[in-house]
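Read the structure below first, then the notes.
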Amino acid sequence: MATAPVADQQQLLKVQDADLRLKQARHRLETLPQIAHIAELAGRAKDLQEDAIARGAEVSDLRRDVTKAEDDVQSVRSRADRDTARLESGSGSAKDLQALQAELEVLKKRQGDLEDIELEAMERLESAEKLHAEASSQRDAIDSQIAELEAERDRAAAEIHEEIADIEAERVRLAEPLDSALMSLYERIRGNNGGVGAAALRGPTCLGCNMTLNPGDLQAVNTAAPEQIVRCEDCGSILVRKADA
Ligand SMILES: [Zn+2]
């Protein structure tokens, strides 16, 4: 039967406590509320970014449309100016001048139509630019919200890392003097048992699994020599009895 000094068995409970606190701290580190919040916002940021890109492309297309409409208007206007200059110079036959006059009428009409197209393109551009600016500013707002949460998350994580370092140091200090066979048994059980390797026995109850020992087991545990390492039949933990029991 394996044995370990009673004081070591008692101290093992403190090691176990430190190990549980470490486990909890690591769990808190992995489940910081900011992590889920950031993930949620990152999804929206991605959508908003895609939206902003699409709106930006729309703006570029419409700028091209406006430029083309401006060029069209300009070329008709230039031609009309040339015709007007020729007409005013009075050179050419009456027939030529009449033809010029007729062409000017057509150009005037065409210029009006093109100006309408230009105006419409400019209006479309203006509203597309507005939508693009809105999408961009929404994306920027989410981005800065994410940056804030990341900073918050990092601050909280730094605190927990500090706490973990402290508990680890405490754990080393507690475990270092303990019987090595007791420690290796503890580590083996803990590894197979979700982090619980040792537990106090309170009355008939194992505090590792909260099961009550049956009367036969309880009697065997209570009559075993204090140095003897006894274990819970249910969870396998090293059962640590009260020192004065
Ligand atoms: Zn148990």
Tell me, please, whether a residue that is acidic (Asp, Glu) and either surrounded by 15 or more Cβ atoms within 10 Å (Cβ to Cβ) or under 30 Å from ARG155 (Cβ atoms) (or both) can be found in region 107-123.
yes
Condition test on SER91, is it outside any helix (DSSP H, G or I) and open to solvent by less than 90 Å² (accessible area, probe 1.4 Å)?
yes
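Which ones in region 188-219 are open to solvent by 60 Å² or more (accessible area, probe 1.4 Å) and more than 9 Å from the ligand (Cβ to nearest atom)? It would help to see each step written out before you state the result.
Pass one, region 188-219, residues open to solvent by 60 Å² or more (accessible area, probe 1.4 Å): 188, 190-192, 202, 207, 210-212, 214-215, 219.
If the condition is that a residue be open to solvent by 60 Å² or more (accessible area, probe 1.4 Å) and more than 9 Å from the ligand (Cβ to nearest atom), then ARG188, ARG190, GLY191, ASN192, ARG202, THR212, ASN214, PRO215, GLN219 are the ones that fit.
With assigned to a helix (DSSP H, G or I) and in contact with a helix residue (DSSP H, G or I) (Cβ under 7 Å, 6 or more places away or on another chain) as the only criterion, which of ALA85, ALA36, ALA54, ALA18 stands out?
Details: ALA85 fails: in contact with a helix residue (DSSP H, G or I) (Cβ under 7 Å, 6 or more places away or on another chain); ALA36 fails: in contact with a helix residue (DSSP H, G or I) (Cβ under 7 Å, 6 or more places away or on another chain); ALA54 fails: in contact with a helix residue (DSSP H, G or I) (Cβ under 7 Å, 6 or more places away or on another chain).
Testing whether each residue is assigned to a helix (DSSP H, G or I) and in contact with a helix residue (DSSP H, G or I) (Cβ under 7 Å, 6 or more places away or on another chain) leaves just ALA18.
The values are calculated or read from the model by the stated rules, or taken from the named source; none is laboratory data. Predicted model, so just to flag it, every value in this text is computed and none were measured. Ideal geometry is used to build each Cβ from the backbone, glycine not excepted, and the neighbour counts take in all protein chains shown. Calculation scope for accessible area: heavy atoms of the full protein, side chains included, ligands and nucleic acids excluded. Shrake-Rupley method; radii C 1.70, N 1.55, O 1.52, S 1.80 Å.
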